[in-house]
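These notes concern the structure reproduced below.
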Amino acid sequence: MAKLTGLQALLVRAIQPNDSKEDIFVRQLSSEGASIHHFPVMETVAIDQPSDINSISNHLHNYASYKKAIFVSKSSVYFLLDWLKNNLEKYPKGLPLGPRYYAIGKTTADALKNININADYPKQDFSSEGLLDLPSLFVGDHQKVVIFSGVGGRQLLSSELKSRGFLVYDCELYYRRCLKIFSDEINRLISKNVLDVVVIHSAELLENLLSQIAPTNLFTLKVLTLLVPSERIRLLAKSLGFKKIICSPSASTEQMVSMMRECYINQS
């Protein structure tokens with residue numbers, strides 16, 4: 001019998017952009033027998049304002065001057081490649097070579113590896129803090145660094161690298177927006193009281209989810225098991241009134257699923 005047979009999980013992260021349109025987290029949990037209710041409360045969209053598009057073009061025009069290039073998510077890889085495909089006349093060979101590459105975690109590094117780019121990444125703590133612990137990012141010495149990311153989000157990586165002497169350039173490729181088309185389905189699912197766990201991959205997702213929950217369902221939601229990828233999000237969830245929070249060592253699919261498996265088996 002599969003290890004997670006019978007588990008009912010709510011997943012609210014955005015559909016991860018890739019060519020297959022398949023979410024690896026859903027695939028892994030489903031292969032172990034879990035039932036996944038994937039109702040995103042956020043979506044990622046490519047930026048389309050002329051000023052933003054010109055900014056991306058300028059970053060790539062100056063690409064040879066960067067000593068390091070950092071990708072903060074799998075989405076940042078996807079949207080940059082998509083931009084390059086739409087500008088083949090300028091970049092027929094794709095992403096220019098030159099800088100040393102970094103990824104926030106293994107999933108992002110794997111996305112880069114698929115286009116023959118090897119990136120350094122933290123081996124355990126897949127976060128800005130983990131990336132900043134890499135020795136090659138300790139001393140900037142006026143090296144130019146480009147960070148590929150979405151609009152907004154945490155500024156820790158950029159600000160800390162600047163304090164270490166790097167010259168940091170932020171290239172924003174996409175933005176996130178709250179998605180409410182599944183609100184009725186989410187509330188209906190919570191009211192039926194059939195869920196075992198809610199999987200939250202970021203603070204923004206947690207806030208978006210809470211904004212869509214009917215008052216009559218709030219108590220039910222907050223007594224459900226919440227699986228989160230970091231201590232920072234665990235503390236946020238606790239402050240918001242969640243009673244049972246499982247904290248994974250990182251946001252990697254392997255560790256999130258492993259933590260869920262361990263807790264579910266112990267409860268069975």
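Its alpha carbons considered, region 45-176 gives a radius of gyration followed by a Dmax of 13.8, 40 Å.
For region 106-126, the residues whose amide N sits under 20 Å from a probe point set 7 Å from the Cα of Leu235 along the beta carbon direction are 125-126. Compared with the direct C-alpha span, the chain from Arg164 to Asn86 gains 24.5 nm at full extension, assuming 0.36 nm per residue.
Residues whose amide H comes within less than 5 Å of that of Ile246, counting only those at least five positions distant or on another chain, are Leu226, Leu227, Val228 (H built at 1.01 Å from N in the peptide plane). Backbone geometry of region 95-107 corresponds, through the Karplus equation with coefficients 6.51, -1.76 and 1.60 at θ = phi - 60°, to 3J(HN,Hα) couplings of 5, x, 8, x, x, 7, 9, 9, 10, 5, x, 5, 4 Hz, x marking Gly and Pro. Between Arg154 and Lys192, how high is the FRET efficiency from 1/(1 + (r/R0)^6) when r is the Cβ-Cβ distance and R₀ = 30 Å? Nearest 0.05. Calculated transfer efficiency: 0.30.
When the C-alpha to C-alpha distance is required to be over 32 Å, the pairs from Lys113/Lys144; Lys123/Lys144; Lys106/Lys238; Lys3/Lys244; Lys3/Lys85 that qualify are Lys3/Lys85. Here region 46-70 is scanned for amide nitrogen atoms under 13 Å from the site 7 Å beyond the Cα of Lys93 along Cα-to-Cβ, giving 64. Mean separation of Cα pairs under 8 Å and 6 or more residues apart, divided by the residue count, gives the chain a relative contact order of 21 percent.
Amide H contacts of Ala251: Phe126, each under 5 Å away and 5 or more positions distant or on a separate chain (H built 1.01 Å from N in the peptide plane; Pro and chain starts excluded).
Using a/c under 1.5 as the rounded threshold, could you call region 120-268 rounded, prolate or oblate? The axes a ≥ b ≥ c are square roots of the C-alpha gyration tensor eigenvalues, and prolate needs a/b larger than b/c, oblate otherwise. In terms of gyration-tensor shape, prolate. Here's how it looks for Leu173: its modeled amide H is under 5 Å from those of Ser149, Gly150, Val151, which are all 5 or more places away or on a different chain.
Listed values for region 128-141 are Karplus-derived 3J(HN,Hα) couplings in whole Hz (6.51 cos²θ - 1.76 cosθ + 1.60, θ = phi - 60°), namely 4, 4, x, 5, 5, 7, 5, x, 6, 10, 6, 10, x, 6, and x replaces Gly and Pro. Each principal axis of the Cα atoms in region 115-174 has its own extent, and those three values, largest first, are 29, 24, 23 angstrom. When the alpha carbon gyration tensor of region 181-268 is reduced to an equivalent ellipsoid, its three semi-axes come out at 21, 15, 12 angstrom, largest first. The value for region 136-217 of Rg(Cα) / (2.2 N^0.38 Å) is 1.63. When each of the peptides 119-126, 232-239, 169-176 is scored by how many other beta carbons lie within 10 Å of its residues on average, the order from highest to lowest is 169-176, 119-126, 232-239. For region 60-124 versus region 131-195, the spacing of their alpha-carbon centroids is 15 Å.
Residues His142, His37, His61, arranged from fewest to most other Cβ atoms within 10 angstrom of their Cβ, appear as His142, His61, His37.
Electrostatic bookkeeping for Leu167 treats Lys and Arg as +1 and Asp and Glu as -1; over the other residues with beta carbon under 12 Å from its beta carbon, the sum is +3.
Any read-out appearing in this document is the output of simple, stated calculations on the displayed coordinates, not a laboratory observation. Source: prediction; values computed, not measured. Counting neighbours? That spans all protein chains shown, and the Cβs are built from the backbone with ideal geometry, glycine included.
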